[in-house]
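Everything below concerns the one structure shown next.
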Amino acid sequence: MQNSLFTEEVGFRPLAARMRPESLDDYVGQMHLVGPGKPLRRAVEQGQLHSMILWGPPGVGKTTFARLLASVGDLSFETVSAVLSGVKDIRAIVERARNRKLSQGQDTLLFVDEVHRFNKSQQDAFLPHIEDGTFIFVGATTENPSFELNSALLSRTRVYVLKNLEEPDILRLLGRALASEEGFSGQLAVSDEVLSVMASASGGDARRALNILEISADLAEPDSDGKNRVTAEQLEQVMQTSLRRFDKGGDVFYDQISALHKSVRGSDPDGALYWLCRMLDGGCDPLYVARRLVRIASEDIGNADPRALQLSKDAWDAQERLGSPEGELALAQAVTYLALSPKSDAVYKAFNQCMADIKQDPDYEVPVHLRNAPTKLLKSMGHGESYRYAHHEPDAFAAGESYLPEAIHTRRYYEPVNRGLEIKLSEKRQRLDALNEQSPRKRHT
């Protein structure tokens, strides 16, 4: 395993460097750009490379992707950093690129890290060489190019947005590091639970995830199988924080979401707010909480206060638009509103009962008077015959009409409760029931 950690040519190589992919198939994440059939992937595979700006947060694969472009396109790879380099360094690279093209016929890819840190004149220095094909320019930035890069440079490049890696992507990368010769060659044991915490703690940063794994490996101790094993306790030492912050799939997580749900159902805004904050502090995805609040709004409040559903959706939208921590205040607003809303599970019970009945009942046919009749043939078969158009009836209600299959026309599913808006809905239902009973046009007796 050690032969890939240190070589005489390059010395010690960190795990993140050793795990750089050698093909697009090994590249983790960014499937919206390099997935099968995507335009950027096709351009790479067809050798139609172009100058570009890679915009995204740290650790999402900007440098790795640039190196892959050079490798796949058989290009010489040159790199400069805006923090360490100046116009003099650019001129030297230009000279080498020109000589290489003339003497060897090989093109050059110039990767400029943190390109937004170059000032206007330094950015302008790239322009003529991009235009005449001296090199293919690939700039990487964590800042919005529209604000940080010259319009002249933007007009000569295409901007691609790279996103934080999803946890499945990180887990795939960690698994490859454990198994591959460039990594630990299967000699390091890490449980799925510990790997999940590593992935969660990485925040979508592949480099950080691999660094956590590498440092943890230094603390690993042999287990009964002779393999070095990384335990949860050792991982806590590496991260210097309690793993409860990343227990997003364990019992604690599900206990907390249960406590949040039951606090809202129990109309306790303080308890609901407390468990919301505990979950957010523990590293829970705020969008997961947002989805659960939408569910709670329908399950436990329903038509007693329909505004609860809309407010929950608005909080979800705010979290997606603003992110953390700004969006989390909207979640707190929704949680406290839901807790103090009138409660009703009438819709929840009606839906579950109806679904259960449908699963065990025969497939009853649609009553003839409710069937669609778009053709003369169907009309001749009685489809839609004697259907009463409600808007043409007094108070837009066809008293005595039935809309359930004949065999189950007396069933009742939705029974509003005597709380919130459902008080009004219950009163209306009672009034409609009375009209149905009094109607001489009842379809059933």
Kindly indicate whether any position in region 219-228 is at pLDDT below 85 and in a helix (DSSP H, G or I). yes
Do the conditions hold for Leu110, that is, is it at pLDDT below 90 and aliphatic (A, V, I, L, M)? no
Single unsatisfied condition, Gly382 versus (1) surrounded by 14 or more Cβ atoms within 10 Å (Cβ to Cβ); (2) in contact with a helix residue (DSSP H, G or I) (Cβ under 6 Å, 6 or more places away or on another chain); (3) over 24 Å from Asp433 (Cα atoms): (1)
Flag if His391 is surrounded by fewer than 11 Cβ atoms within 10 Å (Cβ to Cβ), part of a helix (DSSP H, G or I) and modelled with pLDDT of 85 or more: yes
Considering only residues that are surrounded by fewer than 18 Cβ atoms within 10 Å (Cβ to Cβ), modelled with pLDDT under 85 and not in a helix (DSSP H, G or I), which ones fall in region 186-218? Gly186, Gln187, Gly203
Test: Asp395 is without any contact (Cβ under 8 Å) to a residue 12 or more places away in the chain, at positive phi and assigned by TED's automatic domain parsing to the domain that holds Met355: yes
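Results for (1) in a helix (DSSP H, G or I); (2) surrounded by 11 or more Cβ atoms within 10 Å (Cβ to Cβ), shown as yes or no for each residue.
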{"residue": "Val366", "(1), (2)": "no, yes"}
{"residue": "Leu378", "(1), (2)": "yes, yes"}
{"residue": "Ser386", "(1), (2)": "no, no"}
{"residue": "Asp395", "(1), (2)": "yes, no"}
{"residue": "Glu401", "(1), (2)": "no, yes"}
{"residue": "Leu404", "(1), (2)": "no, yes"}
{"residue": "Ala407", "(1), (2)": "yes, yes"}
Do you know which residues across region 409-438 are part of a loop (DSSP other than H, G, I, E, B) and either outside the structural domain of Gln353 (by TED's automatic domain parsing) or closer than 16 Å to Asn303 by Cα (or both)? Tyr413, Tyr414, Glu415, Pro416, Val417, Asn418, Arg419, Gly420, Leu421
Scan region 29-49 and give yes if some residue there is part of a strand (DSSP E or B) and at pLDDT 85 or above, otherwise no. no
Tell me, which residue of region 193-209 that is among the aliphatic types (A, V, I, L, M) and closer than 16 Å to Tyr27 by Cα is nearest to the chain's Cα centre (by Cα)? Ala206
Hey, can you tell me all the residues within region 114-123 that are part of a loop (DSSP other than H, G, I, E, B) and either surrounded by fewer than 19 Cβ atoms within 10 Å (Cβ to Cβ) or among the charged types (D, E, K, R) (or both)? Glu114, Asn119
Can you name the residue in region 313-350 that is surrounded by fewer than 18 Cβ atoms within 10 Å (Cβ to Cβ), among the polar types (S, T, N, Q) and closer than 16 Å to His261 by Cα and, of all such residues, is nearest to the chain's Cα centre (by Cα)? Gln333
Across region 411-436, what is the number of residues that are in contact with a Leu (Cβ under 8 Å, 6 or more places away or on another chain) and without any contact (Cβ under 8 Å) to a residue 60 or more places away in the chain? 1
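To keep it simple, each residue is scored yes or no on (1) aliphatic (A, V, I, L, M); (2) closer than 30 Å to Val289 by Cα; (3) modelled with pLDDT under 95.
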residue	(1), (2), (3)
Ala334	yes, yes, no
Lys349	no, yes, yes
Tyr364	no, no, yes
Pro367	no, no, yes
Ala373	yes, no, yes
Leu378	yes, no, yes
If you scan region 104-113, which residues turn out to be without any contact (Cβ under 8 Å) to a residue 60 or more places away in the chain and surrounded by 18 or more Cβ atoms within 10 Å (Cβ to Cβ)? Asp107, Thr108, Leu110, Phe111, Val112, Asp113
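The values are calculated or read from the model by the stated rules, or taken from the named source; none is laboratory data. Remember, it's a predicted structure, so these values are computed and weren't measured experimentally. Glycine gets a Cβ as well: all are built from the backbone with ideal geometry, and neighbour counts include every protein chain shown.
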